[in-house]
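We did not get these values from a lab; they are worked out from the coordinates using the rules stated. Keep in mind it's a predicted model, so treat the numbers as computed, not measured. With ideal geometry, Cβ positions are generated from the backbone for all residues, glycine too; neighbour counts draw on all protein chains shown.
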Amino acid sequence: MTGYGDSTRTVKAVDSHIIPGQPVAPQAVLASAYHLSADESESLDSYGRYSNPTWRQLESALAELEGATDALVFGSGMAAIGAALRALATPGSTLVVPADGYYQVRRFATEDLVPSGVTVIEATSSQIYDAADKADVVLAETPTNPALDVVDLQRLAAICHGRGGRLMVDNTAATPLGQQPLSLGADLVVASATKGLSGHSDLLAGYVATSRPEVIAAVQRQRLLAGAILGGFEAWLVLRSLGSAGLRFERQCRNAQAVAEMLAGHPAARSVRYPGLADDPSHPVAAAQMRRFGSLVSVEFADAAAVHALVARSELLIASTSFGGLHTAVDRRARWGDAVADGFARISLGIEDTDDLLADIERALSSRS
Ligand SMILES: Cc1ncc(COP(=O)(O)O)c(C=O)c1O
């Protein structure tokens, strides 16, 4: 599916199994057990932890969007990342995880993998190239959550592969509509589909995508044995939403660019990070490897009270810690322990009309209580 726009890609990806006589809309198969043939000849489905027709439709759509041959869905992004790390970072190996990325991934590496004999190196986006030179497996997150630094994936892949290592990329923030890490040299993608791909703040899901059969086999084994599977209903909900992900992401990215530009010139904002801002330190690499710059903007206001006041005075902003949903959501990251200033807010842009959002934020920032 080359040469198509984002919405064409998402609509076509969901429709990849066109069977005459079958419904146009994806169907939810909710099953733990399947009828088996009396003579014990093989069937595709036998038990719900092994596979499910709704998973397979979703997996084929996600693989298509990521440019992979295969994808495996999981019950959350963390379930996907945990399975991929367990599959690749085997005892005795050295793993690099982002020091400035999603904090629960660092916890999983240090609390779960270190005791099982994995050496874990935490590296920021600028340290990751040197760290990769000592590692068997590198997990990069780009843009990072929450600071929105961008890692040069082609450069990093060359370092990893130069020493026989593997590169895993967390594509949650960019989504496959924003960047395709496999085409930049990554061996596998891990991601939360809880965010922009499903996009309605109503489920948790995750996936691994790769074109390496040995990686799929090792990750599939983890899913089968640890059992962190996606429910059939949630798989259907993601499929139902995926067709409109192109439209939603286009609007969210447009809103992010407009709000970042407005805040960059606003006296209430001490600093603004968005890879789409021409003077952002990440812009040159982002412009070379991303198709869109994403739906997240990070802003530093004076203090925690300034972030609270922004949400309280706004008619459109909500306080929420996830991202990629319909609403524009503000999350003060220091409350979760991220190493950022008290007034640092990650803003996840929703699908509201751009002019309404700009006017609302301007009003909320200028009003006095
Ligand atoms: C970059 C990143 N990766 C992974 C995850 C985990 O995803 P989930 O909450 O679906 O387990 C998150 C959650 O916020 C995230 O931001």
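Across the chain, Cα pairs under 8 Å and at least six residues apart give a relative contact order of 17 percent.
Taking chymotrypsin sites (Phe, Trp or Tyr not before Pro) in DSSP loop conformation with at most 14 other Cβ atoms inside 10 Å as exposed sites, the chain has its longest uninterrupted site-free stretch at 51-369. Label separation (residue 133 vs residue 39): 6.3 nm, computed from points 7 Å beyond Cα along the C-beta direction.
Picking from 43, 211, 51, which is most flexible by a Gaussian network model of the chain using Cα springs under 10 Å? Maximum fluctuation in the GNM of the chain, among the listed residues, is at 43. Computed extension gain for residue 183 through residue 202, at 0.36 nm per residue and net of the alpha carbon distance, reaches 3.8 nm. Loop sites by DSSP among the GluC sites (Glu not before Pro) of the chain, restricted to those with at most 13 other Cβ atoms within 10 angstrom, leave 43-314 as the longest stretch without any of them. When the Cα atoms of region 306-369 are aligned to their principal axes, the ranges along those axes come out at 32, 29, 13 Å in descending order. With Rh defined as the Kirkwood radius, the inverse of the mean 1/r over Cα pairs, the Rg/Rh of region 100-187 is 0.95.
Rounded to the nearest 500, the helix-only mean residue ellipticity at 222 nm of the chain stands at -11000 deg cm²/dmol, with each DSSP H run of n ≥ 4 adding -39,500 (n - 2.57). With each label modelled as a point 7 angstrom along the Cα→C-beta vector, the residue 305-residue 50 pair spans 6.3 nm. Full extension of the chain between residue 266 and residue 225 gives 9.6 nm of extra length, using 0.36 nm per residue less the Cα-Cα distance. The mean sequence distance of close C-alpha pairs (under 8 Å, at least 6 residues apart), as a share of the length of region 240-303, puts its relative contact order at 39 percent. What do the square roots of 5 times the Cα gyration tensor eigenvalues come to for region 187-339, in whole Å, largest first, as semi-axes of the equivalent ellipsoid? The three semi-axes for region 187-339 are 32, 19, 16 Å.
Projected onto planes of every orientation and averaged, the convex hull of the alpha-carbon atoms in the chain covers 19.4 nm². Once divided by 2.2 N^0.38 Å, the Cα radius of gyration of region 254-360 becomes 1.01. What's the long-distance tail for region 1-100, i.e. % of Cα pairs beyond 16 Å? Across region 1-100, Cα pairs with separations above 16 Å total 71 percent. Between residue 94 and residue 217, the contour length at 0.36 nm per residue exceeds the Cα-Cα span by 42.2 nm. Each DSSP beta bridge with both residues in the chain is either parallel or antiparallel, and the antiparallel ones are about 60%. Sequence-ordered 3J(HN,Hα) estimates for region 203-220 from the Karplus curve with 6.51, -1.76 and 1.60 and θ = phi - 60° stand at 6, 10, 7, x, 7, 10, 10, 6, 10, 9, x, 6, 6, 4, 4, 5, 6, 4 Hz, glycine and proline given as x.
Footprinting exposure proxy ranking of 10, 321, fewest other C-beta atoms within 10 angstrom first, gives 321, 10.
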